[in-house]
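One structure is given here, and the rest of the page talks about it.
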Amino acid sequence: MIGIIDYGMGNLYSVSKALERLGYDYFVSEEEEELSKATGLLLPGVGSFRDAMAILNETGLKAFIDKEVARGKPLLGICLGMQLLFEESNENGFAEGFSFLPGKVKKFPGQDSSGTSYKVPHMGWNKLDIKKPDSFLMNDVGNEHVYFVHSYYVDTEDRDVLIASADYAEEVPAVVGKGNVFGTQFHPEKSSHAGLAILRNYAQYVERNDA
Amino acid sequence: MLTKRIIPCLDVKEGRVVKGIQFVGLRDAGDPVELARVYDKEGADELVFLDISASHEGRETMVDVVRQVAAELAIPFTVGGGINKLEDMKRVLRAGADKVSMNTAAVLRPELIREGADYFGTQCMVVAIDAKWEEETGSWRVYTHGGRTATEWDAVEWALKAQEMGAGEILLTSMDADGSKDGFDISLTKAIGNAVTIPVIASGGAGSSDDFLDVFNDASADAALAASIFHYKETSLTHVKEYLKQNGVAIR
């Protein structure tokens, strides 16, 4: 069963309902004891990186998640939740992340290499460029559009963690993963067919892991 | 590449969609959730619900509508109308809306945008601007209270101020074009789009697929919003999107 981590940063309702519609069991909790019973974790997040890490540190959930991931429990971060999986960010000041995945979170500069300016936030439907079609997360997902809304993106040199990306002046990591840690920069619960397929794939992976 | 968004807008009063909606085969043409489902199926990139309830009960009902829409649809949606304080934002965003849109309240107290952006992030904050061309000054003036009250603000200045306060997007309605079906206001949309660095949704005046093509090509709008053209089946979302694709616009 998927445990959705409730640490006060993010809208848990839509993602919960999406799992419900797909027919998977989940629960929402902020309690370590309860969350430790989950066979897979989901880390949502809307807001700033530094605030999110501060809360996770204060509540002890950071140490808990570190421990669970080290034990091999699957973790899926969504939106800011995905960015937290990386090393660091300078959103509202410097903050360290979980460092499960290599890379830094940066603000879109708003100007491309040729000096042409573009809009920030990256907001709207953008096409997935699938780098690892064999990843279980990409099952039944084509080069479809998904819904992004973010001003910061992950800059990583490790091509190995890129499952899919999107092009927005920069190469924007859209689906990432390594070992038992995964993330989507976009909101799967707001991304129509492709988004729901990715949620379903993760839920199935958690079930298989459980068996 | 980021696609251009087509956004149908639904006016909701006391939990029911108002303005006639002409879809065949609907059980209840006034049910916002059922209509949202139809638009989702036709390829809406996003939805806007404008709560025009006059009563407190109506606003409460809107929260239920938001919850139902969020539970059933996998596309983003914005709720506007009656967003006057942080508490109002909390209610609709916690019920599952992705963004809130504010208009009069933001003009009366621009700090409201900042408060919402600090709490929920700029990506949730849509500032709706109703603007009208003014011959004497050769600029667009901002109106509030549903277009009834002229303000001191020039539309470009206000859009910049809204962005500075933390708006993540501008929903721009041309009062001159609204209801005309003669097309979006290209010069207004262009003026605002050139001034701000956040996305601009053009609204008012959509009468045909060509109007969407023009506002994307000539005014570089990021999204276009329309109501009656879709509600009355003058054209369909599917048709508009197909037409735009054929004409080289990036469309989902």
List residues of segment A:151-187, by number, whose backbone nitrogen lies under 17 Å from a label position 7 Å along Cα→C-beta of B:Thr197. A:151-153, A:168-170
With the charge dipole of chain A built from beta-carbon charges (+1 for Lys and Arg, -1 for Asp and Glu) about the Cα centre, the Cα from A:Gly110, A:Gly97, A:Phe64 projecting farthest to the positive end belongs to A:Gly110
Mind listing the phi-derived Karplus ³J(HN,Hα) values for segment A:163-180, rounded to whole Hz, using 6.51, -1.76 and 1.60 with θ = phi - 60°, and x for any glycine or proline? 8, 8, 9, 9, 9, 9, 6, 9, 7, 9, x, 10, 10, 10, x, 7, x, 9
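Among the listed pairs A:Lys17/B:Lys233; A:Lys62/B:Lys90; B:Lys19/B:Lys85; B:Lys132/B:Lys190; A:Lys17/A:Lys178; A:Lys107/B:Lys4, which are separated by more than 20 Å between their Cα atoms?
On the way: A:Lys17/B:Lys233 31 Å; A:Lys62/B:Lys90 26 Å; B:Lys19/B:Lys85 28 Å; B:Lys132/B:Lys190 14 Å; A:Lys17/A:Lys178 27 Å; A:Lys107/B:Lys4 23 Å.
Pairs exceeding the cut-off: A:Lys17/B:Lys233; A:Lys62/B:Lys90; B:Lys19/B:Lys85; A:Lys17/A:Lys178; A:Lys107/B:Lys4.
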Quick one: dipole size for chain B, taken about the Cα centre, charges +1 on Lys/Arg Cβ and -1 on Asp/Glu Cβ, in debye to the nearest 20. 620 debye
Considering only the other residues whose Cβ falls under 14 Å of the Cβ of B:Trp158, what net charge follows from Lys and Arg at +1 and Asp and Glu at -1? -2
May I ask you to give the average projected area over all directions of the convex hull of the Cα atoms of segment A:126-211, in nm² rounded to one decimal? 5.4 nm²
Most fluctuating of B:Val156, B:Val69, B:Val18 in the GNM of chain B (C-alpha, under 10 Å) is B:Val18
Only Lys, Arg (+1) and Asp, Glu (-1) charged, at Cβ; chain A dipole about Cα centre in debye: 380 debye
If I compute solvent accessible area with a 1.4 Å probe over the protein chains, what percent of it on chain B is carbon and sulfur? 48 percent
Modelled FRET efficiency - R0 51 Å, B:Ser139 with A:Asp210, Cβ distances, 0.05 increments: 0.20
Just add up the charged neighbours of A:Glu170: K/R +1, D/E -1, any other residue whose Cβ is under 10 Å from the Cβ of A:Glu170. -3
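Considering only DSSP beta bridges with both partners in the protein assembly as shown, what is the antiparallel share in %, to the nearest 5?
Among the beta bridges of the protein assembly as shown, antiparallel pairing accounts for roughly 45 percent.
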Quick calc, segment B:129-216, dipole around Cα centre from Cβ unit charges on Lys, Arg (+) and Asp, Glu (-), nearest 20 debye, gives 220 debye
Sites A:Ala70 and A:His193 - FRET efficiency at Förster radius 35 Å, r taken between beta-carbons, to 0.05: 0.55
Residue by residue through segment B:52-63, what is 3J(HN,Hα) from phi via Karplus (6.51 cos²θ - 1.76 cosθ + 1.60, θ = phi - 60°)? Round to whole Hz and write x for glycine and proline. 10, 4, 9, 10, 4, 4, x, 5, 5, 4, 4, 4
Using the Cα centre of chain B as origin and beta-carbon charges of +1 (Lys, Arg) and -1 (Asp, Glu), tell me which of B:Thr137, B:Leu108, B:Thr122 is placed farthest towards the positive end of the dipole. B:Thr122
Cα-based Rg and Dmax for the protein assembly as shown, where Dmax is the largest Cα-Cα distance (Å): 21.6, 74
Let me test this: with uniform point scatterers at the alpha carbons of chain B, what is the Debye-based log₁₀ I(q)/I(0) at q = 0.11, 0.16 1/Å? -0.54, -1.22
Using C-alpha positions alone, give me the convex hull volume of chain A per residue in cubic angstrom. 109 Å³
Mind checking the full-extension length gain between A:Lys178 and A:Ser36? Use 0.36 nm per residue of separation minus the Cα-Cα distance, one decimal, nm. 49.0 nm
Average beta-carbon neighbours from other chains, 10 Å sphere, peptide B:117-129: 3
Would you mind calculating the gained length between B:Ala150 and B:Arg37 on full extension (0.36 nm times residue separation, minus the Cα-Cα distance), in nm to one decimal? 37.0 nm
Say the dipole of segment B:154-252 comes from +1 at the beta carbon of Lys and Arg and -1 at that of Asp and Glu; which of B:Ile186, B:Thr238, B:Thr173 then lies farthest toward its positive end? B:Thr238
Highest GNM mean-square fluctuation among A:Glu30, A:Glu58, A:Glu96, for chain A with Cα springs under 10 Å, belongs to A:Glu58
Proximal charge balance of B:Glu135 [Cβ under 13 Å; K/R count +1, D/E count -1]: -1
Heavy-atom accessible area per residue of segment B:5-246, all protein chains kept, 1.4 Å probe, expressed in Å², is 39 Å²
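The values are calculated or read from the model by the stated rules, or taken from the named source; none is laboratory data. This one's a predicted model, so the numbers in the text were calculated from it and none came from an experiment. In this analysis, Cβ positions are derived from the backbone assuming ideal geometry, glycine residues included, and neighbour counts consider all displayed protein chains. With ligands, DNA and RNA removed, areas are computed over all heavy atoms of the protein, side chains included. Shrake-Rupley method; radii C 1.70, N 1.55, O 1.52, S 1.80 Å.
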